[in-house]
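Working notes for the structure below.
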């Protein structure tokens, strides 16, 4: 058994035990996740790798409270979220989690600033201060002159930066990223990954799904999945 | 809270403006639904008010008896000797009836006789066929005719059967085109009559230019005469088959009208076995007209309900398409913390805005159409505030009712399913 006592004093932000997700497809049951235990410490940078069908996306969806597990428990920031009702889950998503998607998923009819402010709106937290914060975040990700642009007027890299700013607006402690650089060329990929490094340096936990070894190499820990189970875990070699 | 509502509203409007053509087409159903409801109710209300007014002008506390030509009996050769030929046979209401009703039936103030004939009236310069309306001096108050100039004939002139008459504006224009006729004379069958006044028969004052042909008699070309004068001097009155065409029974009030009508009927039945008269009770006509109007309104209401239903289904159709198209957006919003109720309200706001804007546009259409109808067909139309209010409320309700299903469908998706789209 590996020694994980480094962070023993701190409760993990994510703790899952025996997590299973079983789909029924045409009368046949498929276990997308077959009993997973996983802890993510505060401020940890975790990458999930695996071929398609390995269950890595299912795991991320469950972590993001977008889907419900068939069995098992999931504690997010100390609370058991596997038993919450839909409205509370919505609050949890908006308040404690930040999402970064592969295809950016900005809302096309809204401007850059309005897109960043969407999570604030659903938390009922639109004050002059928080709206000011949207501008600061947009400036931070390098979109100072483009506050009123629509997503269509932006490049892929710029759109992903808007998505990052949006993920940060409610100050979540955990960022969930689903192949955030999957649609980007290598130069902008470097940009976005550097930005993720910054978030990590600020003390946020990051869980990122990727299939790129090069991307995963930036994480503290990489779990490799196969057939709905964690196959092996590798740690970043200390410099 | 207000800010939140404002954001939901502005988001909805923004989404609608993003698809202007689609939104306008969606609205069209409601626009014409609401417009036609208001227009139809306006036509109905106009017709109803017109009917009520014309019935009310007969006087709601009056009862009207009319002479009716008795049904022709089959030609029986045995009877031809005993009865005068049909074309000279007298029928209808007589002075005896008038006196009997006045004297025997309680709550009757006065029984006012009227007889009308058509005859040629001549002035110094022209001649014109006109209606000779022979009556009593109380005619202006009973028939609600309006004084324009001069006076009506008096009780004394009636009793002495003096040769005086009162002219209607329409006839006056034809006989005396250059100004006042009071003090002038007209000639009927060789007798001269002094015109003492000009009285207008009221609402239906229609100009009929170019119809000066001697044979046509305009409804408004009327000459009022004292009935005794007419019966003493004018041939068509002397030899007419009826003594009185009409008896207007004035009663003390509306509460007795129906009962008096019945007692007059039974009284008359004794003396007029062949039933050569008819009783009209304006109050009952009015009640009948109201009943008809209610039925009419129900029919209009059903047609309107169907057209609004069609408009509503149009909205629902488009919103379902919109929901499908924006499933991914819904998933994203859910991931970013939107509750189901947030999604429902977002889509609901859109349908309500569409149907409210459509409803208000429909009100404008509905205010415009009756004006066009009136100017084209002369039918009276009355737009009531209640019909406008009703249709706006209904259009908003339609937005809610037909918007709630698409909105709920949008929100019922699991976030992960919505995101996968």
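Could you tell me which residue of segment B:18-45 is farthest from the other protein chains (Cβ to nearest Cβ), considering only residues that are surrounded by fewer than 19 Cβ atoms within 10 Å (Cβ to Cβ) and modelled with pLDDT of 85 or more?
Result: B:28.
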How many residues are crowded, with 18+ Cβ neighbours inside 10 Å, facing another protein chain (nearest Cβ under 9 Å) and in a loop (DSSP other than H, G, I, E, B) if we restrict to segment A:87-108?
4
Report those helices (runs of 4 or more DSSP H) wholly inside segment A:122-239 carrying at least 2 residues which are more than 28 Å from residue A:31 (Cα to Cα).
A:128-140, A:156-168, A:186-201
Please work out which residue is nearest to the other protein chains (Cβ to nearest Cβ), limiting yourself to segment B:300-329 and to residues that are out of contact with any helix residue (DSSP H, G or I) (no Cβ under 6 Å at 6 or more places or on another chain) and closer than 23 Å to residue A:64 by Cα.
B:329
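Here's the yes/no breakdown for (1) farther than 30 Å from residue B:115 by Cα; (2) without any contact (Cβ under 8 Å) to a residue 24 or more places away in the chain:
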| position | (1), (2) |
| --- | --- |
| B:5 | yes, yes |
| B:11 | yes, no |
| B:22 | yes, no |
| B:26 | yes, no |
| B:50 | no, no |
| B:55 | no, no |
| B:67 | no, no |
For residue A:123, only one of the following conditions fails: (1) at pLDDT 90 or above; (2) within 14 Å of chain B (Cβ to nearest Cβ); (3) in contact with a helix residue (DSSP H, G or I) (Cβ under 8 Å, 6 or more places away or on another chain). What is its number?
(1)
Which residues, counting only those in segment B:330-346, are in a helix (DSSP H, G or I), within 7 Å of chain A (Cβ to nearest Cβ) and surrounded by fewer than 23 Cβ atoms within 10 Å (Cβ to Cβ)?
B:340, B:342
Over 22 Å from residue B:28 (Cα atoms), part of a loop (DSSP other than H, G, I, E, B) and away from chain A (no Cβ under 14 Å) - does that describe any residue in segment B:407-414?
no
For segment B:361-384, what are the residues that are out of contact with any helix residue (DSSP H, G or I) (no Cβ under 7 Å at 6 or more places or on another chain) and under 17 Å from residue B:50 (Cα atoms)?
B:371, B:374, B:375, B:377, B:378
Among the residues of segment A:211-239, what is the count of those that are crowded, with 17+ Cβ neighbours inside 10 Å, farther than 18 Å from residue A:42 by Cβ and in contact with a strand residue (DSSP E or B) (Cβ under 6 Å, 6 or more places away or on another chain)?
6
Out of segment A:139-173, which residues are more than 14 Å from chain B (Cβ to nearest Cβ), in contact (Cβ under 8 Å) with a residue 12 or more places away in the chain and more than 17 Å from the chain's Cα centre (by Cα)?
A:140, A:141, A:142, A:143, A:146, A:147, A:149, A:154, A:155, A:156, A:157, A:158
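The values are calculated or read from the model by the stated rules, or taken from the named source; none is laboratory data. Nothing here was measured: the structure is a model prediction, and the numbers come from that model. We place every Cβ from the backbone using ideal geometry, glycine too, and count neighbours over all the protein chains shown.
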